[in-house]
Amino acid sequence: MSETRLGRYRWTIATLLLFSTTINYMDRQVVSYLKEYFCTPVAQGGFGWTNVDYGNLISWFTAFYAGVTIFSGWVIDKIGTKLGLALSLITWSTFGIANAFVGRTLALNIAVRSLFGIGEGGNFPASIKTVAEWFPRRERALATGIFNSGSNIGAMVASLFVPWCLVFFGPELGWRMAFILTGGIGFVWLIFWFILYNSPAKHKFLTKQEFDYIHSDADNQAVHGASVVVADKDKAKVSWFRLLTYRQTWAFFVGKFMTDGIWWFLLFWLPDYLKKQFGIDTHHVGWPTFIVYGVAIVGSIFGGRIPMLFMNKGWATYKARMTTMLILAMFPLVLLSTQFFGDKAIFGTNALMLAIGVICIGAAAHQAWSANLFTTVSDMFPKVAVGSVTGIGGAAGGLGGVVVQQLAGHLNDHFKAAPQTAYLYMFCTCALAYIVAWSIMKILVPKFTPISEDELIAA
């Protein structure tokens, strides 16, 4: 059946998720371009923070993000994605704006940024659950790659917008306006979300042909063979303790813990690296980071297509997914050479371009890896548990992020006279994380073993 006759409304849903993730990461990324201002001495008009202070700010945000992600996944499984994602966005947008009014006191910034993290923690569990509800298994990696590319687009927008705010409004007002303007955009998205989104069983714009296609997987036919979803199944209870007894849950946990922090490092420390390694000022740091996050979009979208190529050749889902992730885990190894190619004594004016090229490869590989890693949840677990398992993995990724932020902050202060050494250690850590994560995941789940809903529902 042609795509036109089948219907394409599911891609409208993917687009809504793309924009929510874009806003999510744009709001999150604001602080990375304000680091220089935050760490400028008070006598020169800044906040007078140290690298460790900045690392602590990001770590507290990450910790609260991680802690609430596991809870938000459970809540979203209970109240549904429509209300869950809306509440999440309202929370992070409100506290994103509030960040403009707390001044230079570190404790107040940490408190507001932590509350901001509570809101942001709901985006990915809600989005992954939405993909599981709206897409058949063969399209989930692509749909996930599309909405996950919003993390790059949001970072790209922030890379140009926040420096512009500092220049246009001046540093003292610009940092405040960066928080206010980026936070306000979320409320515009909320209008479209309430108008355009509903569950497939209740959506008036969804054709029967597309509904049947969405639920064409064998594991869905028993539940979704009719034109409506059985209400009792939607409200089935899933025990977190039960989920933690499965190796599949721990495989996802390890994958997120080992690799999420790498992307967070690129988000929050890349501008600082470029300033220290190459002497780029705030006004010009936007474009190199814009390029890195832009190239990463290719990885996010294309990474979701790779397993489809294998599956179209008759490969089983798990074999296709894990083979793809093994291939992708090899690419970040190029980050071992970042500081070599970034050495101006060897490569002169070409050093910046070469280092950015290497980082682009690592960033694109991460996004492709992330799209496939997220999809392993809906491959292995029934829809009733997707939000909870994604939340558990999000918490693991947040904990990994805390470790990476603390490591970056302490290394930068320890090697304050030679920041190139600090970033050498960081890029080596980034390079090896993926292949180690893949190996542990494969040991935990050597064969594809999906879990049925009946196994999970509490008596």
The one condition Thr62 fails out of (1) surrounded by fewer than 24 Cβ atoms within 10 Å (Cβ to Cβ); (2) farther than 25 Å from Leu16 by Cβ is (1)
From the options Thr317, Thr375, residue that is modelled with pLDDT under 90, hydroxyl-bearing (Ser, Thr, Tyr), within 17 Å of the chain's Cα centre (by Cα) and farther than 22 Å from Met426 by Cα:
Thr375
Here is a check on your reading of the model: is Leu34 in contact with a Gly (Cβ under 8 Å, 6 or more places away or on another chain) and over 24 Å from Met380 (Cβ atoms)?
no
Among the numbered conditions (1) of a type outside the set (D, E, K, R); (2) in contact with an Asp or Glu (Cβ under 9 Å, 6 or more places away or on another chain); (3) modelled with pLDDT of 90 or more, tell me where Trp250 comes up short.
(2)
Here is a check on your reading of the model: is Gly67 touching an Asp or Glu at 6+ places or on another chain (Cβ under 7 Å), farther than 21 Å from Ser300 by Cβ and in a helix (DSSP H, G or I)?
no
With part of a helix (DSSP H, G or I), under 17 Å from Asp272 (Cα atoms) and β-branched (Val, Ile, Thr) as the only criterion, which of Thr421, Thr429 stands out?
Thr421
Any idea which of (1) of a type in the set (Lys, Arg); (2) farther than 23 Å from Asn123 by Cβ; (3) assigned to a helix (DSSP H, G or I) is the one Lys82 doesn't satisfy?
(2)
Given (1) closer than 19 Å to Lys256 by Cβ; (2) buried (at least 21 other Cβ atoms within 10 Å of the Cβ); (3) not acidic (Asp, Glu), number of the condition Gly67 does not satisfy
(2)
Against the definition (surrounded by fewer than 24 Cβ atoms within 10 Å (Cβ to Cβ), touching a Lys or Arg at 6+ places or on another chain (Cβ under 6 Å) and either under 21 Å from Cys430 (Cα atoms) or acidic (Asp, Glu) (or both)), how does Asp281 come out, yes or no?
no
Residues that are assigned to a helix (DSSP H, G or I) and either surrounded by fewer than 22 Cβ atoms within 10 Å (Cβ to Cβ) or touching a Pro at 6+ places or on another chain (Cβ under 9 Å) (or both), drawn from the range 89-110:
Ile90, Thr91, Thr94, Ile97, Ala98, Ala100, Phe101, Leu106, Ala107, Leu108, Ile110
Among Lys78, Lys82, the single one that is surrounded by fewer than 21 Cβ atoms within 10 Å (Cβ to Cβ) and either of a type outside the set (D, E, K, R) or more than 19 Å from Ile191 (Cβ to Cβ) (or both) is Lys78
Matching residues in the range 409-418 (surrounded by fewer than 20 Cβ atoms within 10 Å (Cβ to Cβ) and either touching a helix residue (DSSP H, G or I) at 6+ places or on another chain (Cβ under 6 Å) or part of a helix (DSSP H, G or I) (or both)) number 4
Give me the pairs: first residue in the range 201-214 and within 14 Å of Arg138 (Cα to Cα) and in contact (Cβ under 8 Å) with a residue 24 or more places away in the chain, second residue surrounded by fewer than 17 Cβ atoms within 10 Å (Cβ to Cβ) and of a type outside the set (Lys, Arg), beta-carbon distance under 8 Å, and six or more apart or on different chains, which are they?
Tyr213/Met1; Tyr213/Leu6; Tyr213/Pro136; Ile214/Pro136
Tell me, yes or no, whether the range 389-408 has at least one residue that is surrounded by fewer than 20 Cβ atoms within 10 Å (Cβ to Cβ), touching a Gly at 6+ places or on another chain (Cβ under 7 Å) and in a helix (DSSP H, G or I).
yes
Just checking, does the range 36-57 include any residue being small (Gly, Ala, Ser), surrounded by 22 or more Cβ atoms within 10 Å (Cβ to Cβ) and under 21 Å from Gly170 (Cβ atoms)?
no
Restricting the search to the range 162-205, which residues are among the basic types (Lys, Arg) and surrounded by fewer than 16 Cβ atoms within 10 Å (Cβ to Cβ)?
Lys202, Lys204
Which ones in the range 328-363 are over 14 Å from Phe427 (Cα atoms) and of a type in the set (Ser, Thr, Tyr)?
Thr349
Report yes if Glu139 is closer than 21 Å to Thr69 by Cα and more than 15 Å from the chain's Cα centre (by Cα), otherwise no.
no
Give just the number: which of (1) surrounded by fewer than 24 Cβ atoms within 10 Å (Cβ to Cβ); (2) farther than 25 Å from Gly122 by Cβ; (3) in contact with a Ser or Thr (Cβ under 7 Å, 6 or more places away or on another chain) does Leu444 not satisfy?
(3)
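For the range 435-453, enumerate the residues that are touching a residue at least 40 places away in the same chain (Cβ under 8 Å) and either outside any helix (DSSP H, G or I) or more than 12 Å from Phe253 (Cβ to Cβ) (or both).
Within the range 435-453, Ile435, Val436, Trp438, Lys442, Val445, Lys447, Phe448, Thr449, Pro450, Ile451, Ser452, Glu453 meet the criteria.
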For the range 261-307, which residues satisfy the criterion of being in contact with an Asp or Glu (Cβ under 8 Å, 6 or more places away or on another chain) and either under 14 Å from Ser370 (Cβ atoms) or at pLDDT below 85 (or both)?
Thr282
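The values are calculated or read from the model by the stated rules, or taken from the named source; none is laboratory data. A quick note: this is a predicted structure, and the numbers were derived from the prediction, not measured. Heads up, the Cβs are rebuilt from the backbone with ideal geometry, glycines too, and the neighbour counts pull from every protein chain shown.
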